[in-house]
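Some notes on the structure that comes next.
The values are calculated or read from the model by the stated rules, or taken from the named source; none is laboratory data. What you are looking at is a predicted structure, and each value in this text was computed from that prediction instead of being measured. Note that we place each Cβ from the backbone using ideal geometry, even for glycine, and neighbour counts take in every protein chain shown.
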Amino acid sequence: MTKMNRRMAIVGAAAGLAVVAGSAGVALAADDRPATAPGQARHAVSQPAQVITIDSAIKAAQATLDAAEKGGHKVTVVVMDRSGVVRVTLHGDGAGPQTDESAKRKAFTAVSFGQPTSALAARAGGTNPSVRDIPGTLFLGGGVPITVDGAPIAAIGVGGAPSGDLDEQYAQAGLAVLR
């Protein structure tokens with residue numbers, strides 16, 4: 001097995017352990033091997049992998065959808081992990097077909113940049129090529145990152161309310177249940 005394949009296997013195993021081990025919302029997994037083994041050079045050990053558990057993703061999505069329904073809006077909610085994998089999609093009763101893609105792209109944008117999409121939209125203006133040109137992104141309010149120690153591990157995206165401000169307000173309600 002090559003060094004690269006061995007590293008990929010270790011990273012994959014650590015990520016798998018992180019998903020299985022978590023029950024408090026954010027799971028941690030670390031490489032517990034000694035920094036050096038007999039006959040090997042010393043290498044830096046990466047930081048622990050951090051992921052959102054499925055239970056926490058469902059909890060956040062449901063709280064987001066509940067807030068939107070309480071506000072009288074029909075939305076779709078997407079919770080996406082740091083790898084760009086959709087963990088949960090809740091398509092609210094009566095939400096339009098465009099809301100699924102909007103919520104997904106907002107979650108993708110928030111987790112990719114580690115910032116709310118409303119903040120990114122304010123800085124991504126202009127006519128020259130910019131971050132707006134990255135495929136899959138959407139710079140409208142309604143996407144918020146879920147962070148641990150300042151690093152994004154997931155995001156909540158909401159599409160369907162009459163404004164991005166409302167979408168973001170609902171996403172913040174989902175974020176609040178994870179704190």
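For the reader, a short list of remarks on this structure follows.
- If you check L166, L175, L140 for being part of a helix (DSSP H, G or I), more than 12 Å from the chain's Cα centre (by Cα) and among the hydrophobic types (A, V, I, L, M, F, W, C), only one passes: L166.
- Scan of the stretch 88-119 for residues that are surrounded by fewer than 23 Cβ atoms within 10 Å (Cβ to Cβ), among the hydrophobic types (A, V, I, L, M, F, W, C) and assigned to a helix (DSSP H, G or I), ordered by number: F113, A119
- Single unsatisfied condition, V79 versus (1) under 12 Å from the mean Cα position of the chain (by Cα); (2) surrounded by fewer than 16 Cβ atoms within 10 Å (Cβ to Cβ): (2)
- Scan of the stretch 42-67 for residues that are over 14 Å from V88 (Cα atoms) and at pLDDT 95 or above, ordered by number: D66, A67
- Counted residues, the stretch 92-104 - those being in contact with a helix residue (DSSP H, G or I) (Cβ under 9 Å, 6 or more places away or on another chain) and either outside the structural domain of G150 (by TED's automatic domain parsing) or under 16 Å from V144 (Cα atoms) (or both): 2
- Boolean, K74 is surrounded by fewer than 20 Cβ atoms within 10 Å (Cβ to Cβ) and of a type in the set (K, R): yes
- For the stretch 144-162, a tally of residues being part of a strand (DSSP E or B), surrounded by 24 or more Cβ atoms within 10 Å (Cβ to Cβ) and in contact (Cβ under 8 Å) with a residue 40 or more places away in the chain returns 7.
- Check on T117, at pLDDT below 95 and either of a type in the set (S, T, Y) or not assigned by TED's automatic domain parsing to the domain that holds L65 (or both): yes
This table checks each residue for (1) of a type in the set (A, V, I, L, M); (2) over 26 Å from Q50 (Cβ atoms); (3) touching a residue at least 12 places away in the same chain (Cβ under 8 Å).
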residue	(1), (2), (3)
T64	no, no, yes
R87	no, no, yes
D93	no, yes, yes
K106	no, no, yes
A110	yes, no, yes
D133	no, yes, no
G164	no, yes, yes
V177	yes, no, yes
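- Selection from the stretch 61-71 of residues that are buried (at least 22 other Cβ atoms within 10 Å of the Cβ) and either outside any helix (DSSP H, G or I) or polar (S, T, N, Q) (or both): T64
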